[in-house]
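Worksheet: one structure, shown below.
The values are calculated or read from the model by the stated rules, or taken from the named source; none is laboratory data. Owing to the predicted nature of the structure, the values given are computational and were not obtained by experimental measurement. Here the Cβ is made from the backbone with ideal geometry for all residues, glycine too, and neighbour counts use every protein chain on show.
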Amino acid sequence: MDKRVFAMLALGVFHSAALASAQQEQRQISSSSFTQEQTAVYQAFFSDYRRGRPQPWMNVAEVTDILQPDDGDYSGCMKGFPKAPPGKIIHRLTEDFGQQNHLRIVDPRTHKVQDPQDGMRKGQPVESAVAAGFNTGVLTLSEIIFDENHKRAAFHHSFYCGGLCGHSETVVFEKRRGMWKPSKNSCGYAIF
């Protein structure tokens, strides 16, 4: 692997860890559950995210993260969204929410992900090692930010399935004919 690519990956992992640590210090868990509108956006996301995937159940982190858009997001895919400091309130996903959406609610600090690298080191075939990583990986959702008219919603999701296995993206959903649908605007997609 090119040293520059490796350095960029390492820097990205370090930045993500530092950002997660800073977010941990400033967040407060809400005593209320998601609103109907938030639930509808997440349900539309799960439906779109699962398309073409064989497993109906997914592991999802038990609490949301804080969405922190940058200037590029606000001038791009989130143009027209209110520019406000990141909120401090996050939500704990309930078992009911998990059941309704075919989710296993997990604590990412204690949940065991089967890293594909470990499986391959032990002689497991690549396809089976990657499948084990995907099946045990953890999806984390951020809080949702709505535009002023509540016609568009943005949030971040990341999926971790091992050291070099995962992806993340900030997505925008639009309300069309009363239903939330994925927008063609994405704030960028990263694979790690």
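Tell me which residues, restricted to region 153-174, are over 21 Å from residue 83 (Cβ atoms) and over 16 Å from the mean Cα position of the chain (by Cα).
163, 164
Against the definition (of a type in the set (A, V, I, L, M, F, W, C), closer than 30 Å to residue 147 by Cα and modelled with pLDDT of 95 or more), how does residue 113 come out, yes or no?
No: the conditions fail for residue 113.
Just for region 102-138: of the residues that are of a type in the set (Lys, Arg) and more than 19 Å from the chain's Cα centre (by Cα), which one is surrounded by the fewest Cβ atoms within 10 Å (Cβ to Cβ)?
122
Test of understanding: among 28, 99, 36, which residue is of a type outside the set (Asp, Glu), surrounded by fewer than 13 Cβ atoms within 10 Å (Cβ to Cβ) and in contact with a Lys or Arg (Cβ under 8 Å, 6 or more places away or on another chain)?
None of the others qualify; the one that does is 28.
If you check residue 150 against the conditions, is it under 30 Å from residue 82 (Cα atoms), under 16 Å from the mean Cα position of the chain (by Cα) and not acidic (Asp, Glu)?
no
Could you please let me know if residue 72 is in a loop (DSSP other than H, G, I, E, B) and either within 27 Å of residue 184 (Cβ to Cβ) or at pLDDT below 95 (or both)?
It is false that residue 72 is in a loop (DSSP other than H, G, I, E, B) and either within 27 Å of residue 184 (Cβ to Cβ) or at pLDDT below 95 (or both).
Hey, can you tell me all the residues within region 160-192 that are at pLDDT 90 or above and among the β-branched types (Val, Ile, Thr)?
170, 171, 172
Out of all the residues in region 147-186, which are buried (at least 19 other Cβ atoms within 10 Å of the Cβ) and either among the charged types (D, E, K, R) or over 30 Å from residue 117 (Cα atoms) (or both)?
152, 153, 154, 172, 173, 175, 180 - these are the residues of region 147-186 that are buried (at least 19 other Cβ atoms within 10 Å of the Cβ) and either among the charged types (D, E, K, R) or over 30 Å from residue 117 (Cα atoms) (or both).
Considering 86, 108, 82, which residue is closer than 30 Å to residue 128 by Cβ, in a loop (DSSP other than H, G, I, E, B) and not β-branched (Val, Ile, Thr)?
108
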